[in-house]
Every structure is written in structure tokens, then in C-alpha cells.
Amino acid sequence: MYIQLFSIIDFRDKIAIYVYFTGGIMMFTFTKDCLIGIEEIDEEHRRLFELIESTDVALKTATDPVGHALLLINELKQYAVNHFSHEENYMESIDDPELPRQKKEHAAFLEKVNSYSFNSVSEESAKDIILDLLEYLSKWLMSHILGSDILIGQFKKNEKPVVPVFTAEF
């Protein structure tokens, strides 16, 4: 079974964004298309992708897959909280008009991720929950970076207010 969830490919630089689900294997890769031009934020985005990939690999290969994956998911949640704080502080420092929307997106993400519960579930159910969470995380992260975070880099480059692309008005 092969389902392509997301793909952007640039063969000149041998770079590809992909989140593929191929025969039960998801692959998550951070690429240059995810770069917003702010080094600290770009590195944090890269690390979030690495944590998602590590969790998926652990779930499929570790001796205690669920236990290992749960540890990584907890690390991922904490890392996301720290990243959101850094990103929002940066946006505030440059008076980015998109900050209120960004805060809402971050809060909705954390609410969704924290709604997943692994209490009193079988190992098989826990695996299903983790896979569902990984799919949500990867889709959200990709769409958030390419749809929202990229605007932070654009605002910084312009050094003047830009007309926000995604606002409540539009």
C-alpha cells in the first residue's frame, strides 16, 4: 500500500519534503523548503522533525517500542512548548502582526497533542494512538511552517510591515 500525504521535490539540490506512508512506514524529512531564514527557529524546526522520525522508528524497531515512543513523545511535547515560546518571543521582538494568530495556532496544537491519552490502553492500542499522533504532528508541523512560520521570515526580510496573508479578515 502506498499513500502519498505530502511531497515537494527539488532534484537540483536533491532535497525533498516528504511525509509518505508506504507499507506501514512513515518518513519525515526536514528540507530547505522548510527554512524560514531565522537560524534558531530553523534549527528548532529541524529538531522537531527529528523527534517525530525518531518516535516513528522507535515504535517499529525498539525492544520496548511503546515505552520508548512514549518517552520521545513527551520530549517532543516539551520541545514544542520551548520552541513556541522562542518563536513567539522573537515575533514580539520584531512587532510581527501575525503574533496573535500564531499564538492561537500554537495553543490549539498543544491542546490537541495533550488530549491524547495512553492511560489504561493495551500495547496495540497505544501503538495506534502513537501512529495517529505522529500523523497529526507531521501534517500540522509541515502546514504550520509552510503556511504561518514562513511569514515570520518574510516579515523579517522586509523590515517593514507586510500585509498578512492569513488573517481573520480574509
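Structural remarks
- Test: Leu146 is modelled with pLDDT under 90, of a type outside the set (Asp, Glu) and closer than 22 Å to Gly37 by Cβ: yes
- Residue within segment 65-73 that is in a helix (DSSP H, G or I), of a type in the set (A, V, I, L, M, F, W, C), out of contact with any Phe, Trp or Tyr (no Cβ under 8 Å at 6 or more places or on another chain) and without any contact (Cβ under 8 Å) to a residue 40 or more places away in the chain present: yes
- Segment 30-66, subset among the polar types (S, T, N, Q) and more than 22 Å from His86 (Cα to Cα), residue surrounded by the fewest Cβ atoms within 10 Å (Cβ to Cβ): Thr63
- Condition met for Ser93 (within 22 Å of Leu35 (Cα to Cα) and open to solvent by 60 Å² or more (accessible area, probe 1.4 Å)): yes
- Residue count, segment 96-127 (criterion: open to solvent by 90 Å² or more (accessible area, probe 1.4 Å) and either among the polar types (S, T, N, Q) or at pLDDT below 85 (or both)): 5
- Index of the failed condition, Ala69 passing every other in (1) open to solvent by 30 Å² or more (accessible area, probe 1.4 Å); (2) at pLDDT below 80: (1)
- Residues of segment 94-134 that turn out to be more than 23 Å from Leu48 (Cα to Cα) and either among the hydroxyl-bearing types (Ser, Thr, Tyr) or part of a helix (DSSP H, G or I) (or both), as a count: 5
The values are calculated or read from the model by the stated rules, or taken from the named source; none is laboratory data. The structure presented is a predicted model; accordingly, all values stated were derived computationally and were not measured. FYI the Cβ positions are ideal-geometry reconstructions off the backbone, even for glycines, and counts take in every protein chain you see. For the accessible areas, the whole protein counts, side chains as well, though only heavy atoms, and no ligand, DNA or RNA atoms are used. Shrake-Rupley method; radii C 1.70, N 1.55, O 1.52, S 1.80 Å.
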